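First comes the structure, then the notes that go with it.
A short reminder: the numbers here are calculations on the coordinates, not readings from a lab. What you are looking at is a predicted structure, and each value in this text was computed from that prediction instead of being measured. Positions of Cβ are backbone-derived with ideal geometry, glycine not excepted, and every protein chain shown enters the neighbour counts.
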Amino acid sequence: MYTIFISGFMACGKTTVGRKLASQIECDFYDLDEYISHKLGATIPEIFAEHGEEYFRSAEAFCLKELCSKGGIVACGGGTMADGKNYGTVKLSGGFVIYIDTPFELCIKRIRRDGEDLRPVAKGKTDEELSDLYNTRKPLYLKNCDAAVSGLNPSLLVAVDVIDRIADLIDIKTDEDVTAVNADTAEKETGE
């Protein structure tokens, strides 16, 4: 089974969509932040407060690598796929990254509703500062993904869109594998 990583900005719907997606296709679901918290025995805000963001990002990369081999659906943190090395880790494992493209206005509404204490990167930042972060990260999300879906629909419909993109990606990968095997077989038959 492939491991599918859901990426996007804070509060874009990664965890909600990931859970619905895992339920729809009957596979395991992992929230990367919850996985890190469990592994380190502390909440994400506690990790940030005690050790800083650099330590957290290192732990995030380590845990991401572990999850690559588990199969299922992984909801990434908001900064995970802003790092091209993390995308490279997923690609080397044979996994796929789907980016949920949710407008900033919807993300900030959810961030403010949920409280910034849940998201250490948002703590103490103005809407303008978070908008700048969103605009900095968005090109990285687009660069470090295999497909994108709109986050404007209800979460169940976004999950269906993700399933469609995954099916397309698996078809492409299967076609590439078949082409490579056929080329290898033809080369052996002709002795070249």
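Computed from backbone phi with θ = phi - 60° and the Karplus coefficients 6.51, -1.76 and 1.60, the 3J(HN,Hα) list for segment 48-56 is 4, 5, 7, 10, x, 5, 4, 4, 4 Hz; x is used for glycine and proline.
Based on DSSP H segments of at least four residues, each scored -39500 (n - 2.57), the chain has a per-residue ellipticity at 222 nm of -20500 deg cm²/dmol. Using the Karplus relation 6.51 cos²θ - 1.76 cosθ + 1.60 with θ = phi - 60°, the per-residue 3J(HN,Hα) values for segment 105-114 come to 4, 6, 4, 5, 4, 5, 4, 5, 5, 6 Hz, with x marking Gly and Pro. Of all aspartates and glutamates in the structure, not one has an alpha carbon short of 13 Å from that of K188, not counting any fewer than 8 places away in one chain. Quick one: if you stick a label point 7 Å off each Cα along the C-beta vector at L92 and E66, how many nm between them? Distance between the two pseudo-spin positions: 1.8 nm. Annotation: amide H of V74 within the under-5 Å range of I4, F5, I6, Y30, sequence separation 5 or more or interchain, hydrogens built in the peptide plane. Using r as the Cβ-Cβ distance of D164 and E34, and R0 as 25 Å, what FRET efficiency do you calculate, to the nearest 0.05? E between D164 and E34, to the nearest 0.05, is 0.40.
Which entries of K85/K138; K65/K125; K20/K91; K39/K123; K123/K143; K85/K125 have Cα-Cα distances beyond 19 Å here? The partial results should precede the final answer.
Details: K85/K138 16 Å; K65/K125 30 Å; K20/K91 24 Å; K39/K123 23 Å; K123/K143 27 Å; K85/K125 26 Å.
As for pairs spanning more than 19 Å Cα to Cα, those are K65/K125; K20/K91; K39/K123; K123/K143; K85/K125.
Most fluctuating residue of D171, D161, D28 in a GNM of the chain with Cα springs under 10 Å: which is it? In the Gaussian network model the winner is D171. With the Kirkwood sum run over all distinct C-alpha pairs, the chain has a hydrodynamic radius of 17.5 Å.
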